[in-house]
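> Right, I'll just put the structure down here and ask away after.
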Amino acid sequence: MDKNEVIKFAVIGAGHIGKRHAEMISREQEGELVAMVDVLTKKECGAESFDVPFFKSINELIESGIEFDVLNVCTPNGLHAEQSIKGLSNEKHIVCEKPMGLSKDSCEKVIFKSLQMSKNVFCVMQNRYSPPSEWIKSLIDKKILGDIFMVQLNCYWNRDDRYYKADGWKGTADLDGGTLFTQFSHFIDIMYWLFGDIDNISAKFADFTHKNSTKFEDSGFVNFDFINGGMGSINYSTAVANQNLESSITIIGSKGSVKIGGQYMNEVEVCNVADYEMPVLAPSNPANDYGPYKGSAANHNYVIKNVIDTLKGRTTATTNALEGLKVVEIIERIYKVRNEQLDL
């Protein structure tokens, strides 16, 4: 791709995140938003501020003849793989919101098509860009904590009837897929990014407050071993009353301990490492604000910039398709334990 060429983006899905993608694209000097797609009208989506053609489907967009380089997939989870494959089949690069799919099999099909078409698939895991995440990644890579003994990931959020609408896709088995896919896949990605794959999974699940609003559990305790050494756990819930409580990771190593906490894993709470001075980190971006509830850090500007820089040959994808697949596969294996329990 010509280094002076403006990269043209089309966004499918004009909800909160789709509009976020569109806004970040519009701010990039080397990027251009050329179209948006949603089953609702532009007015119904609240997307009137984007002065671009608006289509009802990918097919309408393709048939329009509008030229674009990248398709940003920001639709319900269960549509991600299918729509990514559709974009790849039409020779477009893909930016896919988490999760990449709802099964390892669907993700493999996306990767196969991307290789077949020689196109990139960028998976959106924007929490990797937060200053505490970048800092802890450097500690792990440099083995400053020594051997890793224990890792505890805690994610306790609020998702109540303000979030789960009766006629919406959230909470459904086929389009949402589960709490770990929709709410907490960012944090499973951070864990995989830092420590690699897991094995020997055991778990306990419960549905405390969502029996009438979702088709799956709202809480779980999950224990496992890391293939690279050490043991870990994920403790999660969306049954927290009123507002999010915390997203944190505690790491116990042979040379010290670290805890990153806050509501969105955005604050270093403990750095207890011998002969190590904690650097001053840049401030974290605020959480994505969806009105009555909050999401992960608003780092989508870094995602779009990484796409542009990668396509212009300056860098590589922050989160590639294989990493996107691995996060889905880990969640799928955790949910296999849940499903086996339900069959007993």
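> For Met265, Met100, what's the fewest-to-most ordering of other Cβ within 10 Å of each Cβ? Walk me through the numbers on the way to the answer.
Details: Met265 27, Met100 32.
By the 10 Å Cβ count, ascending, the order reads Met265, Met100.
> What ranking of Thr182, Thr238, Thr316, Thr209 emerges when the number of other C-beta atoms within 10 Å of each C-beta is taken as an exposure proxy, fewest first? Don't jump to the answer; show the numbers that get you there.
On the way: Thr182 22, Thr238 25, Thr316 10, Thr209 19.
The most exposed by this proxy come first: Thr316, Thr209, Thr182, Thr238.
> What three numbers, in Å, describe the spread of the alpha carbons of region 47-97 along their principal axes, ordered from the longest?
Sorted from largest, the Cα extents of region 47-97 read 27, 22, 16 Å.
> Taking other Cβ within 10 Å of each residue's Cβ, how do Ser57, Ser254 sort, fewest first?
Working: Ser57 14, Ser254 11.
In increasing order of surrounding Cβ atoms, one gets Ser254, Ser57.
> In a solvent-free Debye calculation with one equal scatterer on each Cα, what is log10 I(q)/I(0) for region 7-126 at q = 0.19 Å⁻¹, listed in the order of the q values?
For region 7-126, the Cα-only Debye profile gives -0.97.
> Return the subset of Lys113/Lys326; Lys119/Lys215; Lys42/Lys109; Lys8/Lys42 for which the Cα-Cα distance in this structure is over 27 Å, preserving the input order.
Lys119/Lys215; Lys42/Lys109
> Using Cα pairs under 8 angstrom and six or more residues apart, how large is the relative contact order of the chain, in percent?
19 percent.
> Follow-up question, since we're still on this one. Provide Rg over Rh for region 204-253; use the alpha carbon set for both Rg and the Kirkwood Rh (inverse mean inverse pair distance).
We get a ratio of 1.07 for region 204-253.
> Next up: Kirkwood Rh over alpha-carbon pairs of the chain, then Stokes-Einstein at 37 °C and 0.692 mPa s: what D in µm² s⁻¹, rounded to an integer?
In µm²/s, the coefficient is 158.
> Evaluate the charge dipole of the chain about its Cα centre and quote only its size in Debye, nearest 20, assuming +1 on the Cβ of each Lys and Arg and -1 on the Cβ of each Asp and Glu.
The calculation lands at about 100 debye.
> For all pairs of alpha-carbon atoms in region 131-273, what percent lies in each bin of width 10 Å, listed from the first bin to the last filled one?
Here the calculated profile for region 131-273 is 12, 40, 31, 14, 3, 0.
FYI, it's all coordinate maths here, none of it is from the lab. Because the structure is a prediction, the values reported are computed rather than measured. Note that each Cβ is placed from the backbone with ideal geometry, even for glycine, and that neighbours are counted across all protein chains shown.
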